[in-house]
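Report on the following structure.
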Amino acid sequence: MTATFSLRRRVQLCLVMLALESYISFEEIFMVSVLQRLGVPLAFVSLPGTISSFIGVFVIPFLGWASDRFTSNNCCGQKRPYALLTLTVCIVGTTILFGVNLTSLYSKPIDANQTPNDTALPQINTVEPFLRDYRSSASADEGYPTSTRRDNFNTSIQATSPQSAETKSDSIPSTVNSYSTSVFEITESSFFPASTASAVSPDPASNSMDNSSSDSAVYIPVVGILGIAGFVLMDHGYDASMSTVKVYMIAVTSSSQHDDVFVMGTLIGAVGGCMTSLLGFVNLSSLFPAGTDTVLDTGIAQCFAQTALLWLLLVVLGSCSLLTGSERAIMANQVEPTSSESSTDENKDTLSSSIYESIMVGAADQENELPKPDQNLDAASTAIYQGQEYQHDEKSRLILQSKKNSCRNWKSLKKKVLLCTMTFLGLSTNYAYFVYVTNYVGEVIYGGDSRGDVGSDSYRKYVEGEHMASLGMLTFYCLFVAFNFLQNKILKKIGMRAEYLAASVFCCVVTLALALTDSLIVFFVNAAAMAVFRSAVYTIPFILSNNYHSQQQDSKENGEDGSSSSSSGSSMAAITAMIPASYVLVSLIMGPLMEVTGYPGAPIFFAAVSCALGIVSTFFVQFS
């Protein structure tokens, strides 16, 4: 059952998109920094996206097929369980991350006489030699000797913002107690055992011992593993919900409102992203009291506060959207047809009834008609021959129609493949930029260190960079909202192809300029470019996919139902599957690439190249 919704009901139906966009904005801003604070090495911070994307590539098409296979055309409520399932996955992932952040808010300093084995989390065997060598060097000199200065764990900072030896020396406390501010800082030293051993061991014996232990496996703390699991569920839930929720929304609305629903969903989602960015710019960690015997991690505190808000948004707004699209709500709030439409429908019903009765009466007369004694046998033979000829013509027509359908299906498949390719490249640009731009601003533009000690100057700079990146994201989402207000008018005036091309060219040029200049001003200009580009990427491919499906349904001549919502699940799933597919590419490349090159700006270069390839693919996609 579909309905023509009023504007207010369409807004209520799309409210869940606010929660989902807030969801993904939170991940884009905080995932890299939070996982590093939880002790996950830089090479593995993209692991949640990789795992969830591999799962989503298979699960999302299956959900689309299942929603079509087990859904009848007259019961749109059967689409609801799939949307509810994917939203539940989001809620579970948020709950896990909420618990991890709660346990990591405060960290107790480790006593100078306490070994890492006495702490709550186990450590690998490179830590004890590190502490022993450190104690021996600290007792020999009250300051921190030049030969035992700690290397900067983030090599990208050395390449982009080198610090002087005096700055390094001042940022390292002179006692083990103040150095080991939390168990996570000790764990971080084990991620690069070879460089750590060579930096802190003054004698060859200790050096050889530490180098022998450098071949051990990289250690990820328990909280780091739980953080990865939480982000995996969050990411997969978002990817799947982008398909199931949109399928549910177009299933309960009339076909004339499908384009409006897509644009409305993108607009409301932009409001959610704007809200998340605004909260990221506000220092929410000031709401938490400072511990007496513990140290408050301001980055974790910021993440904790926003995770709690995300959980509430998912539950409240998700329930609102699912209840708005229920059959009872549709029957209670369906827009009544005008008097002219009612009279037209009555005339159509009367005409249909008259035609039906005439056909049935004629069929009954023909069936009950008996041959008369004086009937000409030649005429009867001619009638039989004509009946056989009609059957032959009908068979030929069916064969020809089958060939036409095969050709039509091939053309439809070709159009969908080209559309998926364009969407894949656009989403790759989106993820490569938004997932890593916060880390880029904090480490490259501000010269901070995400692995620095809590309270150190390098970590303070990184947090300042995070706040400035959140301000840039806030600028992006404000422009995103403003542009989506005009989206319908722009599409009607210049068309989808012109808008997509203009947005892609603008985004490609400015993103490349940001990668080459490392300028904060260009970063804010790029926020405007990304606002236009993301609006096109998250709207136009879904509209085109729905139009392709509607054209295919309308071209059928076998009397089947041509409703565009009858099998829209597979159509939406094909486009939505490009979200995890693009993230697989980005997550597999970006983490190791930044680790090898030591440059956090590598994802920005990748985004510019992917956008350029997307411009080329636009010329092969059918937009009409």
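Full extension of the chain between L278 and T4 yields a length gain of 95.2 nm, computed as 0.36 nm times the residue separation minus the alpha carbon distance.
Expected output is a single nm value to one decimal: the length gained when fully extending between C320 and V222, i.e. 0.36 nm times separation in residues minus the C-alpha distance. What is it? Roughly 31.7 nm would be gained on extension. Rounded, prolate or oblate, given the Cα gyration tensor of segment 446-501, with a/c below 1.5 counting as rounded? Note, shape of segment 446-501 comes out prolate.
When peptides 19-32, 308-321, 50-63 are sorted by average Cβ neighbour count within 10 Å, with the highest value leading, the order is 19-32, 50-63, 308-321. Between T95 and R69, full extension at 0.36 nm per residue minus the direct alpha carbon distance yields a gain of 6.2 nm. What you get for segment 429-495, charging only the Cβ of Lys and Arg (+1) and of Asp and Glu (-1), is a dipole of about 640 debye around the Cα centre.
A Förster radius of 41 Å combined with the Cβ-Cβ distance from L102 to I589 puts the calculated FRET efficiency at roughly 0.80. Between segment 589-624 and segment 9-49, the alpha-carbon centres lie 20 Å apart. Relative protection proxy for 298-305, 434-441, from highest mean packing down: 434-441, 298-305 (other beta-carbon atoms within 10 angstrom).
Coordinate-derived values only; no laboratory data. These figures come from a predicted structure and were not determined experimentally. With ideal geometry, Cβ positions are generated from the backbone for all residues, glycine too; neighbour counts draw on all protein chains shown.
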